[in-house]
1. Working carefully through the options Asn281, Asn263, find the one that is within 27 Å of Gly337 (Cβ to Cβ) and not hydroxyl-bearing (Ser, Thr, Tyr).
2. Do the conditions hold for Tyr313, that is, is it modelled with pLDDT of 80 or more, over 18 Å from the mean Cα position of the chain (by Cα) and among the hydroxyl-bearing types (Ser, Thr, Tyr)?
3. Looking only at residues in the stretch 71-102 that are open to solvent by 20 Å² or more (accessible area, probe 1.4 Å) and over 16 Å from Phe10 (Cβ atoms), which one is modelled with the lowest pLDDT?
4. Which condition breaks for Phe10 when tested against (1) surrounded by fewer than 21 Cβ atoms within 10 Å (Cβ to Cβ); (2) assigned to a loop (DSSP other than H, G, I, E, B)?
5. Scan the stretch 1-18 and report the pairs whose first residue is under 16 Å from Asn91 (Cα atoms) and whose second residue is of a type in the set (S, T, N, Q) and outside any loop (DSSP other than H, G, I, E, B), with Cβ atoms within less than 6 Å and a gap of 6+ or a chain change.
6. Pairs needed: first member in the stretch 241-262, touching a residue at least 60 places away in the same chain (Cβ under 8 Å); second member anywhere, among the polar types (S, T, N, Q) and assigned to a strand (DSSP E or B); C-beta distance under 6 Å; at least 6 residues apart or different chains.
7. Any chance the stretch 210-232 includes a residue that's out of contact with any Ser or Thr (no Cβ under 9 Å at 6 or more places or on another chain) and small (Gly, Ala, Ser)?
8. If Met261 passes every condition in (1) open to solvent by less than 20 Å² (accessible area, probe 1.4 Å); (2) in contact with a Pro (Cβ under 7 Å, 6 or more places away or on another chain); (3) part of a loop (DSSP other than H, G, I, E, B) but one, which one does it miss?
Amino acid sequence: MVVEIVSKEFIKPTSPTPPHLRTHMLSFLDQFLPSIYVPMVLFYMDQERSIPVAASNSRRSQLLKESLSETLTLFYPLAGRIKDHLSIDCNDEGAYYVEARVNRPLCEFLNLTDSPYVSQLLPAEPTWTATTAGGYIAMIQVTTFACGGIAIGAFLSHVIADGPAATKEATFLALLSRFVKKGKWKSRRIIFDASAIAALKAKTASSSVPDPTRVEVVSALLSKCIKATFKAKSDIQKSTLITHIVNLRQRARPQIPKHSMGNFLCLAAALVTAKETELDNLVCHLRKEIRKIDGDLIPALQGDGGLLKYCEYMKEIGKGTNDNIDIILFSSWCNFGLYEIDFGWGKPTWVTCATESNSEIGMVNTIVLMDTKMGNGVEARVFLEEQHMVMLEQNQELRAFGILDQSPLNLKVG
C-alpha cells in the first residue's frame, strides 16, 4: 500500500493566545513521564453515498481544519512548541497537519488481520522516543481512501523531559527506560469479546475480589501468558513486576475534570513471584496495588510536599527493577470514549494504537488496552520482542480466550 502525501501545513488557533497564558508550566507529574509521542488512528467508513467521493473528502478535510483551529483556541498548548523540560511556549505556531491519500478502498485495508501499514497513517515527522526543544505538541495526518473512507492519525506529545526531580530520585522516566529497546520487536492485536470477558471474570472471582473488572482479568491473563514466554525462553525462574498506569482524575477528592490538560497519571506496581501464576491471585495483586493509590498516595500528592512524596513512591517501585526481575507495563485506554468521536460523518469503525513496526527502537513488554467497538470487550495491543511474541501467539490458554486473527470489519463482539 502506498500512502501519497498531498500537503503539509500548520493549523493555527482561531484567536491568539493572551500574553499572560503564553507560558504553560509543566507539573511535576508531567516531568516524570518519558519523552514519547502517543500514537492513535481512527478509521471512518464512508456513509455519504449520495455525494461524490472527491467532494465528500474535500468537505471533510475543510471541516476538520476549521474544527481543529477552534479547538486550539481552547487547548492552546497544543498549538505551541516545547520550550524546555519545565514549560511549553504557547506561541500559536500551530499544529502540524498533513493530508494524504491511498488509492485503495478502506475496507480492503481493514480486512487485513493486523496491517503493518497502520503506522503510515501517522505523521512522519517525529521519532518514537524524542521530544526536544522547539518540538511539536500535536501532529495530525488525514488520509482519504479510494471509494470513500477516511483515517485520522494523531501524535500527541507527553511534553516531558529530564526535569530536576528526575535527577534526584528513581523516577517514572528511569523505570520506563526498561521498556525502550533496540532490536527486533513486534506488535499484535488480541481481541477479548464479551463472552471471553465473562468467562475470565467467573474464573478469577474470589472472596478477596468478587467483582473483577474486564481490565483486571485481561491484565492478569496476559501477565500470566507473557510470564510463561519469558520463562520458556530463558529457562530462569524470575519474579515479575506487573505495572499499570493509573488515571488519577476520577480518584482524586474532589475529582479532577476528565478533560483537564496535562498528565494526571501514576504507576501501580505489583511484584509477583515466579510461582504465582493463578489468575485470581494476579487479580488480587493488581487490585491491592491500585487501591493503595486511592487510599494513601493521592491525599499525599494533594497536600504540601506532594513532589517529595511522589519521588519516594517512585523510588520504592524502582527498588524492584533489576536484571533479575521481569517487568510488564499496562496502559488502559478503556472507557475513554474513543468510539464516540464523531466529526459529523458518524462514529469510527475502528480505533487503534499504532507505532512504526519496522523501527529499530520500540516499546517492548508493553500492553495498551482499549475498548472494542460495542464497548464490553477489550482489544489488547501487545508489544514484545519478536522471539517472545512468536511464543505468546502459540500459548493455548491465551488462545482459549483471545482472538488473534480478525479484521476490524468482522468485529461483532464486545
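1. Asn263
2. yes
3. His85
4. Phe10 satisfies every listed condition except (2).
5. Ile11/Ser69; Pro13/Thr73; Thr14/Ser69; Thr14/Thr73; Ser15/Thr73
6. Going by the 6 Å Cβ cut-off, the qualifying pairs are Ile245/Ser331.
7. Within the stretch 210-232 (the criterion being out of contact with any Ser or Thr (no Cβ under 9 Å at 6 or more places or on another chain) and small (Gly, Ala, Ser)), the answer is yes, since at least one residue qualifies.
8. (1)
The values are calculated or read from the model by the stated rules, or taken from the named source; none is laboratory data. Bear in mind the structure is a predicted one, so any value in this text is a computation, not a measurement. Every residue, glycine among them, receives a Cβ derived from its backbone with ideal geometry; neighbour counts consider all protein chains shown. Accessible surface areas use protein heavy atoms only, side chains included; no ligands, DNA or RNA. Shrake-Rupley method; radii C 1.70, N 1.55, O 1.52, S 1.80 Å.
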